[in-house]
Amino acid sequence: METDSCSIDTTTRTTDPDLVSRSSRPEGTIVDVNGIKIGGKEIVIMAGPCAVESEEQLSETATYVRAGGAVMLRGGAFKPRTSPYSFQGLGKEGLEMLKRAREKTGLSVVSEVMDTRQVETVSRYADMLQIGSRNMQNFPLLKEVGRTSKPILLKRGMMATIDEYLHAAEYLLSQGNTQVVLCERGIRTFESATRYTLDLNAIPVLKQRTHLPVIVDPSHGTGIRSLVPTMAKASIAAGADGLLMEVHYRPDDALCDGSQSLYPEEFGFMMKDLRKVAEAVGRSIHVL
Ligand code: PEP
Ligand code: MN
């Protein structure tokens, strides 16, 4: 009987790029962020605001998500916004706030890098570098980030096929960085009831085709706060190695993605359910 969290069929795929293909590392990769192991039996919860907005907002939110059971803090200092007039992030000042929140809470930090010119700076502050959906095929950025020794969170392009996604991950590995985590975050479909369509199929498909850990972002995947806990549970049931979720201490005042951000108490309630689902599929939630 197969002991892995999903049944791995390594015989059916021969066309995936070499370095990411499951057959090149059938045992799977474990990505280590300051001792937090992503891709093993334990599920890793990353939570925090969409964007770093202020010292108080980040510090309060970080304290809440830590109390609820998150082990990593998310928060963008450089934000990819649809409109150039929307809040673009606090930049380096935001990175400084992330550093202080890490010192205060002990949470490791994941933050987005949008541009090759930011890689060095973000690397100095974040424990894990996030490449956002809109940059999944920014090949110069992939190469630059792939040359660092930092763990990488590569989000799926909102219009990318699994094949394109695996090739994007191959860019990172081709530069020598093996510490790559994939993140399904919803794709564009004809459906307009939700912001994106969370592709839960992607979890078992990716687990079959690549050895890289796979996490899910149900916040962007739905765009609707009330749907996040349900899709978070579904993601764990489907074999996700972790979750990336937006939580804000005051979602109604958020400068970015407030309507998909959980209230702190909702996050706490959801975490209780996630522990039960994890147990039901033979896993547990990583605790600090
Ligand atoms: C984010 O997680 O901050 C983000 C911008 O998400 P995405 O790149 O998936 O849109
Ligand atoms: Mn967001």
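Bear in mind that the values in this text are calculations on the coordinates, not laboratory data. On a predicted model such as this, the values are computed, not experimentally measured, just so you know. Virtual Cβ from ideal backbone geometry, glycine too; neighbours counted across all protein chains shown.
Computed quantities for the displayed model
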read-out: Per-residue ³J(HN,Hα) for the range 145-150, Karplus 6.51 cos²θ - 1.76 cosθ + 1.60, θ = phi - 60°, Hz, x for Gly and Pro; value: 5, x, 7, 7, 9, 7
read-out: Cβ-Cβ FRET estimate between Phe87 and Ala193, R0 fixed at 35 Å, reported to 0.05; value: 0.85
read-out: Label-point separation in nm, Thr121 to Thr178, each point 7 Å along Cα→Cβ; value: 3.3 nm
read-out: Estimated inter-spin distance, Val287 and Tyr263, nm [label 7 Å along Cα→Cβ]; value: 2.6 nm
read-out: For Val180, residues with placed amide H under 5 Å, excluding near neighbours; value: Ile152
read-out: Amide H contacts of Gly76 (H built 1.01 Å from N, under 5 Å, at least 5 apart or other chain); value: Ala51, Val52
read-out: For the range 177-193, 3J(HN,Hα) per residue [Karplus equation, 6.51 cos²θ - 1.76 cosθ + 1.60, θ = phi - 60°, Hz, x = Gly/Pro]; value: 8, 9, 8, 10, 10, 9, 9, 6, 9, x, 10, 6, 9, 6, 6, 10, 6
read-out: Proximal charge balance of Arg134 [Cβ under 15 Å; K/R count +1, D/E count -1]; value: +2
read-out: Distance from the range 267-288 to the range 54-89 (C-alpha centre basis), Å; value: 23 Å
read-out: Packing-based order for 219-228, 32-41, using average beta carbon neighbours within 10 Å, highest first; value: 219-228, 32-41
read-out: Amide H partners (placed H, <5 Å) of Ile43, local residues excluded; value: Ser284, Ile285, His286
read-out: Simple label model, 7 Å out from Cα along Cβ direction - Thr230 to Arg100, nm; value: 4.0 nm
read-out: Residue-by-residue Karplus 3J(HN,Hα) for the range 66-74, coefficients 6.51, -1.76, 1.60, Hz, glycine and proline x; value: 5, 5, x, x, 6, 10, 10, 9, 9
read-out: Packing-based order for 111-122, 19-30, using average beta carbon neighbours within 10 Å, highest first; value: 111-122, 19-30
read-out: Percentage relative contact order, the range 187-288, counting C-alpha pairs under 8 Å, at least six apart; value: 23 percent
read-out: Cα coordinate range in the chain, projected on the principal axes (Å, largest first); value: 51, 42, 41
read-out: The chain, relative contact order [Cα under 8 Å, separation at least 6], %; value: 23 percent
